[in-house]
Structures are given as C-alpha cells and as structure tokens.
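For reference, the structure discussed in these notes is given below.
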Amino acid sequence: MRTMRANALNLNFTGEFEDAIARQLVGHTVAEVERVLILKTLDHFEGNRTHASATLGISVRCLRDKIRQFKTFGVPVTAPSTTAGGRKR
C-alpha cells in the first residue's frame with residue numbers, strides 16, 4: 001500500500017472543504033482530535049505503524065508512545081495484522 005502526504009500532492013485545503021472540516025473540529029480538544037486521527041489512520045493501514053506514522057508525518061517512535069498512552073487509558077488500538085507466515089508486520 002502506497003502512502004502520500006497532502007503536501008506531496010500540493011493539495012490546497014481552503015474554502016468549503018476547510019470550513020466543513022473546521023466545523024467538525026470546533027469544540028473538541030487538540031488531544032481528542034489527535035487521538036481520533038491516529039486511531040482512524042491505524043485502522044486504515046490495518047495497524048501498520050510504519051505506514052500510519054509516515055502518513056501522519058510523525059516518527060514511528062512518537063506513534064508508539066501515543067499508542068502506549070492510549071492503551072494506558074483503556075483506549076482500544078488496532079493491532080498490526082499478521083502476514084501469511086504468522087509474523088507481525
């Protein structure tokens with residue numbers, strides 16, 4: 001699965017799209033928004049931390065630390081899927 005960052009695509013998130021996103025985010029803390037974004041990105045990449053961290057623009061170590069923090073508070077986190085050989089990716 002190939003990942004691309006928004007800035008690599010030269011996307012311009014202004015106007016109606018940006019307003020729609022902002023309306024959804026207003027009223028939530030940055031920590032809440034960050035948690036949801038990380039968890040949804042992990043779901044999208046079936047728990048693959050390397051792909052998720054690259055897409056989020058953070059290091060794998062930072063992502064690992066965030067996941068550890070989420071688990072401490074009882075937040076369920078998508079586990080990495082297994083390959084045919086049974087090893088974790």
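Does residue 32 satisfy the criteria of being loosely packed, with under 12 Cβ neighbours inside 10 Å and modelled with pLDDT under 95? It is false that residue 32 is loosely packed, with under 12 Cβ neighbours inside 10 Å and modelled with pLDDT under 95.
Of everything in segment 48-66 that's free of Cβ contacts under 8 Å to residues at least 40 places away in the same chain, of a type in the set (Ser, Thr, Tyr) and in a helix (DSSP H, G or I), which residue is surrounded by the most Cβ atoms within 10 Å (Cβ to Cβ)?
Taking segment 48-66 as the starting set, the residues that turn out to be free of Cβ contacts under 8 Å to residues at least 40 places away in the same chain are 49-50, 52-53, 56, 58-66.
Subset that is of a type in the set (Ser, Thr, Tyr): 50, 53, 59.
Those left that are additionally in a helix (DSSP H, G or I): 50, 53.
On the way: 50: 13, 53: 22.
Only one residue tops the list, namely 53.
The values are calculated or read from the model by the stated rules, or taken from the named source; none is laboratory data. Remember, it's a predicted structure, so these values are computed and weren't measured experimentally. With ideal geometry, Cβ positions are generated from the backbone for all residues, glycine too; neighbour counts draw on all protein chains shown.
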